[in-house]
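Visitor: Here it is: the structure, laid out below.
The values are calculated or read from the model by the stated rules, or taken from the named source; none is laboratory data. Please read all numbers here as calculations on a predicted model, not as lab measurements. As a convention, Cβ positions derive from the backbone with ideal geometry for all residues, glycine included, and neighbour counts pool all protein chains shown. Surface accessibility is based on the protein's heavy atoms, side chains included, excluding ligands, DNA and RNA. Shrake-Rupley method; radii C 1.70, N 1.55, O 1.52, S 1.80 Å.
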Amino acid sequence: MVKKILFVCLGNICRSPAAEGIFNQKIKERDLENFFVVDSAGTGSWHVGNLPDQRMRTTALSRGIELTSRARQIEENDLYEFDHILVMDKDNLNAVKSLIKDDMHTMNSKIKLILSYSKKSQLDEVPDPYYGGQNGFEKVLDLLNDAIEELIDSLID
Ligand code: 4NP
C-alpha cells in the first residue's frame, strides 16, 4: 500500500519544501520510492505558485538536495487525501486542525508535529527561518534530516 505524506508550514517556501526534498532524497537512497507519495503545502496563500525561497534552495543544494516544488495552500481535501500530515510548528498544527469539520475528528490522529519523531532534538517546533540568517536555514535542514529519518523508519515498520 502506498502511503501519502504531506508536509506543512506557513508559506510553503522554506521548511515544508525542504522536508519534501529530504524525504524524497531518503526514500530514493533507501530504494523505497514506490511505497510513498509526498507533497507539501502552506497554511498561507502569499507565495502560491512560487519556487522555494532562494536561500533555502541554495542551502539544500549544498547538501545535494534540489528543491523544485511550487508553493500551494493546504485545502480541506488534503485531510482526506493524505495518510500523514506533518507540520513544522504549533501555529501550523492549529491552522491545519481548524480545517477539520465537526464530523471528521478522527482526522486529528494523522496530523503531527514533525519533531515529535526526532530522538535527538529537544525542540518541539522547526523554527521559521524566513526573517533570520543563514544559520537558520542550516538548522532547519539539520532538524528535518534527523526527524525524517525516524519518520521513514516508523512508516516502514
Ligand atoms: P515557511 O517560511 O513557512 O517555512 O515557508 C515562511 C515563508 C514566508 C513567510 C513566513 C514564513 N512570510 O511571512 O511571507
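Visitor: When the stretch 49-79 is examined, which residues are found to be within 10 Å of Ile13 (Cβ to Cβ) and aliphatic (A, V, I, L, M)?
Guide: Answer for the stretch 49-79, where residues must be within 10 Å of Ile13 (Cβ to Cβ) and aliphatic (A, V, I, L, M): Leu51, Met56, Leu67, Ala71.
Visitor: Output the residues belonging to the stretch 117-155 that are in contact (Cβ under 8 Å) with a residue 24 or more places away in the chain, open to solvent by 80 Å² or more (accessible area, probe 1.4 Å) and within 20 Å of Lys26 (Cβ to Cβ).
Guide: Lys119, Lys120
Visitor: Which of the residues spanning the stretch 58-103 are of a type in the set (Val, Ile, Thr) and either open to solvent by less than 30 Å² (accessible area, probe 1.4 Å) or within 15 Å of the chain's Cα centre (by Cα) (or both)? Break it down into steps so the answer makes sense when it comes.
Guide: In the first step, residues of the stretch 58-103 are kept if they are of a type in the set (Val, Ile, Thr); the result is 58-59, 65, 68, 74, 85, 87, 96, 100.
Matches in the stretch 58-103: Thr59, Ile65, Thr68, Ile74, Ile85, Val87, Val96, Ile100.
Visitor: Could you look through the stretch 34-57, keep only residues that are open to solvent by 80 Å² or more (accessible area, probe 1.4 Å) and under 20 Å from Ile22 (Cβ atoms), and pick out the one that is farthest from the ligand (Cβ to nearest atom)?
Guide: Among them, the one singled out is Asn34.
Visitor: When you check Ile111 against the structure, is it closer than 17 Å to Ala147 by Cα, more than 16 Å from the ligand (Cβ to nearest atom), β-branched (Val, Ile, Thr) and surrounded by 15 or more Cβ atoms within 10 Å (Cβ to Cβ), yes or no? Step through it out loud before you land on a result.
Guide: Numbers: closer than 17 Å to Ala147 by Cα: yes; more than 16 Å from the ligand (Cβ to nearest atom): yes; β-branched (Val, Ile, Thr): yes; surrounded by 15 or more Cβ atoms within 10 Å (Cβ to Cβ): yes.
So Ile111 passes the test.
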